[in-house]
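The structure appears below as structure tokens.
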Amino acid sequence: MTHNVVVVASSGNAGSAQMSRGHGHAPYSFPADYPGVIGVAAVGRSGLPAYFSSDNLSVQVAAPGVSVPAEGRGSRYWIVSGTSPACALTAGVAALIKSKYPELTAPQIRRAVIWSAVNRPPGGYDDEVGFGTVDAASALRFAGRLERQDARARTAAVQTVGNRLFGDGQAGVPPVPVAPRGVQGLLAWSALALAFFALTMASLWRFATGLAESRRLRRTASPSQPWPAAASSAQPWSAAPSASPPWPAAAQPSPPWPAAPPRADYWQPGTQAFGYGAGLRGDDPPHPPSLRPFNGQESERHDPPGDPI
């Protein structure tokens, strides 16, 4: 079909749907079921479908296929039945159309064979005879109409081109408008590109110098007073600031924590946190003891007045 050739094939001799074991239709036959192929069924002298002819959707037309004389062995004519002789008769009609109207294409010949069929079934189509029975004379007349229509279409196309209804073709297409290009335009765009480049570099340089300056200022700025490397010995509590001189730079170590718990009536800071000082009232806040100036010996404890143990 891609080579502009009419393809005709028989639809098969599998019988009607009743003979196909209740499948609803006869088995499909290929190449009759391929698109573009004229599938042919067989009919008898009465025009009714032959009992052996397959009825399926591959059927496009029907042709005589019962008791058809055909040449056989020994150059003798034999009486044969089947969809094969029906297919041969349909192919002969297509060849007749092609010989008389050689300008027609394969799709046009197929259209002439199918659309000119006679004895059309009710509704225009069925799966037993297709669109009807092939008729050679009717097919030639239909092909003649197609050829005249084709000739008029070709003439109209030639006249349309001759009258230039669609312009002058490629010659009538104006050139694509392109703005003229000169040296001035090139120089202007180059200067603009250089200006943008210079502005970008200046921005980057300003950013880099500002970043370096901020880092230098952070390095040279005086840092805040650091914490002492080693914490000095804690000064004792006192009820009021004393005018005694501060602790010496190298103070003796504080006396160690007592190995044994002090007396129950002995109060000193921190004893309540370790379970001592059970005699204190729970609502009395702890008060630091009043100590004498340090003279190398353990100072005596003086309880604040009004705080019984």
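The values are calculated or read from the model by the stated rules, or taken from the named source; none is laboratory data. The structure presented is a predicted model; accordingly, all values stated were derived computationally and were not measured. Quick reminder, even Gly has a Cβ in these numbers, built from the backbone with ideal geometry, and neighbours come from all protein chains shown.
Of note:
- Among residues of the range 83-140, those that are closer than 24 Å to SER54 by Cβ, aromatic (Phe, Trp, Tyr) and not in a helix (DSSP H, G or I), counted: 2
- Check on ALA32, surrounded by 23 or more Cβ atoms within 10 Å (Cβ to Cβ), part of a helix (DSSP H, G or I) and within 54 Å of the chain's Cα centre (by Cα): no
- Pick from the range 95-108, criterion farther than 17 Å from GLY132 by Cβ and aliphatic (A, V, I, L, M), ranking: surrounded by the fewest Cβ atoms within 10 Å (Cβ to Cβ): ALA95
- Of all residue pairs spaced 6 or more apart or on separate chains, those with beta-carbon atoms under 9 Å, a first member in the range 67-94 that is loosely packed, with under 13 Cβ neighbours inside 10 Å and a second member that is of a type in the set (Phe, Trp, Tyr) are PRO69/TYR77; PRO69/TRP78; GLU71/TYR77; GLU71/TRP78; GLY72/TRP78.
- Only one entry of ARG110, ARG141, ARG145 meets the criterion of being at pLDDT 90 or above and closer than 16 Å to ILE38 by Cβ, and that entry is ARG110.
- Candidates are the residues of the range 57-70 that are in a loop (DSSP other than H, G, I, E, B) and under 56 Å from the mean Cα position of the chain (by Cα); the one that is farthest from VAL93 (Cα to Cα) is LEU57.
- ALA157 being assigned to a helix (DSSP H, G or I) and at pLDDT 95 or above: no
- From the list SER54, SER46, the one residue that fits, being closer than 22 Å to ARG120 by Cβ, free of Cβ contacts under 8 Å to residues at least 12 places away in the same chain and outside any strand (DSSP E or B), is SER46.
- Within the range 8-24, the set of residues being crowded, with 16+ Cβ neighbours inside 10 Å and either modelled with pLDDT of 75 or more or part of a loop (DSSP other than H, G, I, E, B) (or both) comprises VAL8, ALA9, SER10, SER11, GLY12, ASN13, ALA14, GLY15, SER16, SER20.
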